[in-house]
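K.L.:
Below is a structure I'd like to ask you about.
The values are calculated or read from the model by the stated rules, or taken from the named source; none is laboratory data. None of the values given here were measured: they were computed from a predicted structure. Because the Cβ atoms are built from the backbone with ideal geometry, glycine has one as well, and the counts that use them run over all protein chains shown. Calculation scope for accessible area: heavy atoms of the full protein, side chains included, ligands and nucleic acids excluded. Shrake-Rupley method; radii C 1.70, N 1.55, O 1.52, S 1.80 Å.
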Amino acid sequence: MKKKRNVNQNKVRKNNHEEIFESMVKEYQAAKTLLDSMDEGTDEQLKQQRLCDSLFAKAEKFFKQHN
């Protein structure tokens, strides 16, 4: 006879996805804050803009896949 699981696997999986998404959002916000403090038109600013766009796209894709 199988042992019953006490924890609902879907709930655990959902909580894990929420934690991952929250960390992605925090990383994006930190990068965006740094971007906002930079001067426009510089090479560093363009690199940071690409990084922010990439982080946002990753978070958006993750949210759509796991929602």
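K.L.:
Could you please state how large a percent of the accessible area of the chain is carbon and sulfur, counting protein chains only and using a 1.4 Å probe?
P.N.:
Answer for the chain is 50 percent, counting heavy atoms of protein chains only.
K.L.:
Per residue, how much accessible area does the chain have with a 1.4 Å probe, in Å²?
P.N.:
92 Å²
K.L.:
Turning to a different aspect of this structure: Quick one: dipole size for region 10-67, taken about the Cα centre, charges +1 on Lys/Arg Cβ and -1 on Asp/Glu Cβ, in debye to the nearest 20.
P.N.:
Magnitude of the dipole: close to 560 debye.
K.L.:
Report the extension gain between E19 and D39 in nm, rounded to one decimal, defined as 0.36 nm multiplied by the number of residues separating them, less their alpha carbon distance.
P.N.:
Using 0.36 nm per residue and subtracting the Cα-Cα distance, I get 3.9 nm.
K.L.:
From the phi of every residue in region 51-67, what ³J(HN,Hα) in whole Hz does the Karplus formula 6.51 cos²θ - 1.76 cosθ + 1.60 yield, where θ is phi - 60° and glycine or proline is x?
P.N.:
Values, residue by residue: 4, 4, 4, 5, 4, 5, 5, 5, 5, 5, 5, 4, 4, 5, 6, 10, 9 Hz.
K.L.:
Kindly rank 45-51, 15-21 from highest to lowest mean number of other beta carbons found within 10 Å of each residue.
P.N.:
Ranking, from highest mean packing down: 45-51, 15-21.
K.L.:
Roughly what would the spin-label model give for K32 and N10, points 7 Å off Cα along C-beta, in nm?
P.N.:
Each label point lies 7 Å from its Cα, and together they span 3.1 nm.
K.L.:
For region 1-60, what is Rg from Cα atoms divided by 2.2 N^0.38 Å, rounded to two decimals?
P.N.:
Taking N as the residue count of region 1-60, the ratio is 1.78.
K.L.:
Ok, one more. Quick one: Karplus J couplings for region 9-17, per residue in order, coefficients 6.51, -1.76, 1.60, θ = phi - 60°, nearest Hz, x for Gly and Pro?
P.N.:
Each residue's phi maps through the Karplus curve to give 4, 5, 5, 5, 4, 5, 4, 5, 5 Hz.
K.L.:
Straight-line reach from K64: which aspartates and glutamates have a Cα under 13 Å away, not including same-chain ones fewer than 8 places off?
P.N.:
Within the straight-line cut-off, K64 pairs with E18.
K.L.:
While we're looking at this one, here's another question. Once ligands and nucleic acids are excluded and a 1.4 Å probe is used, how much of K32 is accessible, expressed in Å² to the nearest 10?
P.N.:
For K32, solvent-accessible area is about 70 Å².
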